[in-house]
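Notes follow the structure.
The values are calculated or read from the model by the stated rules, or taken from the named source; none is laboratory data. Fair warning: this is a prediction, and the values are worked out from it, not measured in the lab. Glycine also receives a Cβ, built like all others from the backbone with ideal geometry; neighbour counts cover every protein chain displayed. When the accessible area is computed, the model is the full protein with side chains, heavy atoms only, and any ligands, DNA or RNA have been set aside. Shrake-Rupley method; radii C 1.70, N 1.55, O 1.52, S 1.80 Å.
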Amino acid sequence: MTWRQATLGDFVALQRGHDLPTQNRENGTVPIMGSFGVTGHHSKAKAKGPGVTVGRSGASIGVTSYIEQDYWPLNTCMYVTDFKGNNPRYAYYLLQTLDLAAHNSGSAQPSLNRNYIYPIDISFPDRCVQDRIVDLLGSLDDKIELNRRMNETLEEMARALFRDWFVDFGPTRRQMEGATDPAAIMGHAFPPEKAAILAPLFPAKLGDDGLPEGWDKRPLSEICKFAGGSAFKKDDQGYEHGEVPFIKVSDMNLTNNERFILSANNYVDLSDQPRMKFKLHPEGAIVLAKIGIALTYNRLRVLRTPTAIDNNLLSATPLAGSAATTFLFLVLSQIDFNLHAKGSALPYLNASDLAKIEFNFASEALVTEVEKTVRPLFEKVLANSNENQTLAEMRDLLLPKLMSGEIRLKDAEAAV
């Protein structure tokens, strides 16, 4: 296998992205690529796919993204305008192995300039070998993406079912409109035998309070306990050198984690726990951001294992134990937490205030059926997430070794 010694500027040509203010964006299907990847959509493309972008500044400096279709690269990133005969996806993988952040322009706000990174020394094989490496690494990434999309669909199915039952009161309203057949009452979403079990659990009409008869509103404090995270600084003892998983608010971003399941990217040493004032949040606890800009992309995540979380996060632990995690997750998913934030300069959520939020509560029998009906969907999500973690670990192990030529391609292919 022959590898060429060259510079990054010999390998690809880069250009800064283009301005596209929010008010100028038009509804469309063209992805807008920002510093961390897709940030929205527009009606027009500015660059042909497949494409590769690189975050230019701040926390995104050096973050590399790949996209198959035509796209609009924002000015918060650079994008490849010429792959110079190289495989675009290979370029994406190679750029990930370079410490681009170390070559920032040296201003007060770290920023990438193509003239600073073009001289970086690299080596790469001919196009035929590039294609084979891409086939190998791409198969892992494609499977991860397939599982991610499946998880997104499964979660939305669960949310849609919950909205129909507990927010829109679909089964009750359909009975009020004359439906008597169990399958029709349940919106033809279940086989007859399952519908026959579920339909009798829903009242036939709404009460004066607008809820199905016999239902009431209850505070979240009746089904969960909210707890804050712990203050922690990078220079504290044990940062990144311990064995206890630790979640930062940045880990809540979809680009860093699976939907639904949350895995730690950092590990800490809690041997000096009284000084660090850390506490572990249990497996099955649901985590959400509580402060500042994080609230604008707030998402719910479920802890895979007992985990420490930082003080920009909150957890909600089911009072009934792990069996109630599914129901609690769906209840919380209906809440717009931004509406419950305090403060203007720096909005934040208060655990005691969240505990007072009310939700629509039905009979215990129906709650049990929610668990039985929806839990298989989330179990599949968990299985997919576990597989993705394994696939990602294999990809991250192979990626730098293949890009540097440290391991032979046929050995990597045999491993996969």
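May I ask you to give the solvent-accessible area per residue for the chain, in square angstrom, as obtained with a 1.4 angstrom probe?
Here the per-residue accessible area is 49 Å².
Once you've got the GNM for the chain with C-alpha springs shorter than 10 Å, pick whichever of 94, 332, 397 has the biggest mean-square fluctuation.
397
Based on the alpha-carbon set only, what is the convex hull volume of the chain divided per residue, in Å³?
About 187 Å³ per residue, rounded to a whole number.
Can you compute the label reach from residue 24? Point 7 Å from Cα along the Cβ direction, backbone N cut-off under 15 Å, restricted to the stretch 74-93.
Those under the cut-off are 74-77.
Connecting C-alpha atoms closer than 10 Å in a GNM of the chain, tell me which of 36, 190, 169 has the biggest fluctuation.
Greatest mean-square fluctuation among the candidates belongs to 190.
If each of residue 372 and residue 216 carries a label point 7 Å out from its Cα toward its Cβ, how far apart are those two points in nm?
2.5 nm
How many percent of the accessible area of the stretch 327-416 is carbon or sulfur, using a 1.4 Å probe?
Details: 2460 of 4550 Å².
Accessible surface attributable to carbon and sulfur in the stretch 327-416 totals 54 percent.
Quick one: compute a quarter of the convex hull surface over the Cα atoms of the stretch 112-196 and quote it in nm².
Over all viewing directions, the stretch 112-196 projects a mean Cα-hull area of 11.4 nm².
Once both labels are modelled 7 Å past Cα along the beta-carbon direction, what's the residue 114-residue 340 spacing in nm?
Going from the residue 114 label point to the residue 340 one covers 4.8 nm.
Using θ = phi - 60° and the Karplus relation 6.51 cos²θ - 1.76 cosθ + 1.60, list the HN-Hα couplings for the stretch 184-198 in order, rounded to whole Hz, with x at every Gly or Pro.
5, 4, 8, x, 6, 9, 9, x, x, 5, 6, 4, 5, 7, 7
Within the stretch 1-146, what whole-number % of the accessible surface is contributed by carbon and sulfur, with the 1.4 Å probe and all protein chains included in the calculation? It would help to have the intermediate numbers written out before the result.
Working: 3240 of 6960 Å².
The computed percentage sits at 47.
Which whole-Hz ³J(HN,Hα) couplings does the stretch 336-348 yield from phi under the Karplus relation 6.51 cos²θ - 1.76 cosθ + 1.60, θ = phi - 60°, glycine and proline marked x?
3J(HN,Hα) across the stretch 336-348, in whole Hz: 8, 5, 4, 6, 10, 7, 10, x, 10, 5, 9, x, 8.
Relative to the present Cα-Cα distance, how much length would full extension add between residue 82 and residue 394 at 0.36 nm per residue of separation?
109.3 nm
For the stretch 1-128, take the alpha-carbon Rg, divide it by the Kirkwood Rh, and send me Rg/Rh.
A ratio of 0.99.
Tally Lys/Arg at +1 and Asp/Glu at -1 over every other residue whose Cβ is under 14 Å from the Cβ of residue 4; what's the total? Don't skip to the end; give the middle numbers.
Numbers: positive: 84, 127; negative: 10, 121, 126.
Neighbourhood net charge equals -1.
In 10 Å bins starting at 0, how do the alpha-carbon pair distances of the stretch 304-391 split up by percent?
12, 37, 34, 15, 1
Treating only the Cβ atoms of Lys and Arg (+1) and Asp and Glu (-1) as charged, compute the dipole magnitude of the chain about its Cα centre; round to the nearest 20 debye.
For this selection, approximately 760 debye.
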